[in-house]
Amino acid sequence: MKTLRRCERFCDCYGIQFRKLSVISEGKPKPSMVENVVHMERVSNLHYLLQLCAKTRSSMGGRACHAQVIRVGWEIDVLTSNMLINMYSKCSLVDSARKKFNEMTVKSLVSWNTMIGALTQNAEDQEEALTLLIQMQREGTPFNEFTISSVLCLATLVEGKQLHAISNKYGSGSNIYVSSSLIDMYAKCGCIKEAYLVFQGVMEVWSIVLWNAMISGFARHSHAPEAMVLFEKMQQKGFFPDDVTYVAVLNACSHMGLHEEGQKYFDLMVRQHKLSPSVLHYSCMVDILGRAGLVHKAYELIERMPFNATSSMWGSLLASCRVYGNIELAEIAAKHLFEMEPNNAGNHILLANIYAANKKWDEVARARKLLRESDLKKERGTSWIEIKNKIHSFTVGERNHPLIDEIYAKLDDLVVELKKLNYEVDTDNDLHDVEESRKQMLLRHHSEKLAITFGLMCLPSGIPIRIIKNLRICGDCHIFMKLMSKFTSREIIVRDTNRFHHFRDGFCSCREFW
Ligand code: ZN
Ligand code: ZN
């Protein structure tokens, strides 16, 4: 190596050689390979390497690159430094990213955004990302849509409100990206009224992004009439709906089971606005038809659309088959899902539940056996609730929360009260092979039930309770929440992996589809 003459041509050749090598070794650069390019003094090759390390999450290769950066004296180069922060972030080495960021004497907007992204994407403390944003403002670096939206994307309601205040203070409240992120944040946190207030403040700004954000927010909360009114209003203002708008209105129709309206929008999109439907639009239509009980039509649409069906389409069809008791199509959908998502135990459980609801006990036994024999593990159910700026998490059968004994005692009392409202524990929803009484016990201790009980203990009456759950809500918890909303005269909002459930006066906004 020493005898080789260093020249640009050599470096280029080495760069090409490296690219080939990286393909051979399945794309993951190793330190030895980085050492091989130690003579590469062309910045483009090193940048290529850094990007590759970030993409393949190769921390060893990335660190070797960093050493090389220092060796050739590029540490002060802003672009190279940004790439290093990005690489560390992708490798989940947040401390190293932070160290590099703090070392930088000159920072660009990208440096700040990359660092904030590193903090939010690695699910670190949100507060640090917020602090950086404030620091950024103090130093006079104007933030852009990426900064605010990356902080907002994971913000809890309290943090989101802080961000809202910051953006107002610095006069960026009317920025369309900031506003649309705020609308999105409030809608995601279950505060549709606050989302609409933000929208009202900026609706005169000429941007379809804001209208789309608001219509999507309404759709997410099953407020179909409001979404439809806004859809008309935006056109009166001179906007043409785009593909995002159509996904939003179709979603709104699907959440409310409005199949005729859904079909109307789908036709309008193709005929009047000359947009070609994407897989997302088809997905909405499958959902709309299935929910309306037109499961055969939904299946036909899957068969004749110009895309391959996604797992979410089969999942939606399977869920509709559960509600309408169509075993034949349920089996077809489940077969596709088992192939596409071999690690998802939920699909097996759903199919077994469909058999159980239709009293097909042999099939139930077969499905359970299949589930037991496969080494599928159900993800542990966890729910989160935010109380006085603090997030409390509960897992199923939780034992570690400091107030857990009080919570269980209160939950027992609540169950007694709900039984007076004809609440019966629906054990069909649990496939544990245990005796009935223990099954009831397990169901009773589902994480969302613990979270809501804790919420009732801590939050003053009249305040809505918001819960986030990592799995799809089960049928028993769904009934429990409906009755609870009636019994306590409270609004309860549960966001599960699939959708928002808005419980009020004993009813849920999802209308039993989830
Ligand atoms: Zn449950
Ligand atoms: Zn619901």
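Just a few scattered comments:
- Counted as qualifying within the stretch 1-106 are the helices (runs of 4 or more DSSP H) with 3 or more residues that are closer than 26 Å to Gln121 by Cα, of a type in the set (A, V, I, L, M, F, W, C) and at pLDDT 60 or above, namely 43-56, 59-71, 78-90, 94-103.
- Within the stretch 450-474, the residues that satisfy the criterion of being within 15 Å of ligand 2 (Cβ to nearest atom) and open to solvent by less than 10 Å² (accessible area, probe 1.4 Å) are Ile452, Ile465, Ile467, Ile473.
- Close Cβ contacts (under 9 Å, 6 or more residues apart or on different chains) running from residues in the stretch 303-314 that are under 16 Å from Asp287 (Cβ atoms) to residues that are surrounded by fewer than 17 Cβ atoms within 10 Å (Cβ to Cβ) and small (Gly, Ala, Ser) comprise Phe307/Ser278.
- Just one of the numbered conditions (1) of a type outside the set (A, V, I, L, M, F, W, C); (2) touching a residue at least 24 places away in the same chain (Cβ under 8 Å); (3) open to solvent by 60 Å² or more (accessible area, probe 1.4 Å) is not true of Ser150: (3).
- Helices (runs of 4 or more DSSP H) lying entirely in the stretch 435-514 (those with 1 or more residues that are at pLDDT below 90): 436-444, 475-487
- Qualifying residue in the stretch 377-385 (condition: more than 16 Å from ligand 1 (Cβ to nearest atom) and either hydrophobic (A, V, I, L, M, F, W, C) or surrounded by 12 or more Cβ atoms within 10 Å (Cβ to Cβ) (or both)): no
- Of all residues making up the stretch 203-239, the number that are open to solvent by less than 20 Å² (accessible area, probe 1.4 Å) and within 26 Å of the chain's Cα centre (by Cα): 16
- Pairs where the first residue, in the stretch 85-112, is within 23 Å of Ile148 (Cβ to Cβ) and open to solvent by less than 40 Å² (accessible area, probe 1.4 Å) and the second is in a loop (DSSP other than H, G, I, E, B) and not basic (Lys, Arg), C-beta under 7 Å, 6+ apart: Ser89/Asn122; Val94/Asn122; Val94/Glu124; Ser111/Met104; Trp112/Thr141
- Scanning the stretch 241-251 turns up no residue that is under 25 Å from Leu337 (Cβ atoms) and assigned to a loop (DSSP other than H, G, I, E, B).
The values are calculated or read from the model by the stated rules, or taken from the named source; none is laboratory data. Since the model is a prediction, treat every value here as computed from it, not as a measurement. Cβ: placed from backbone, ideal geometry, glycine included. Neighbour counts: every protein chain shown. With ligands, DNA and RNA removed, areas are computed over all heavy atoms of the protein, side chains included. Shrake-Rupley method; radii C 1.70, N 1.55, O 1.52, S 1.80 Å.
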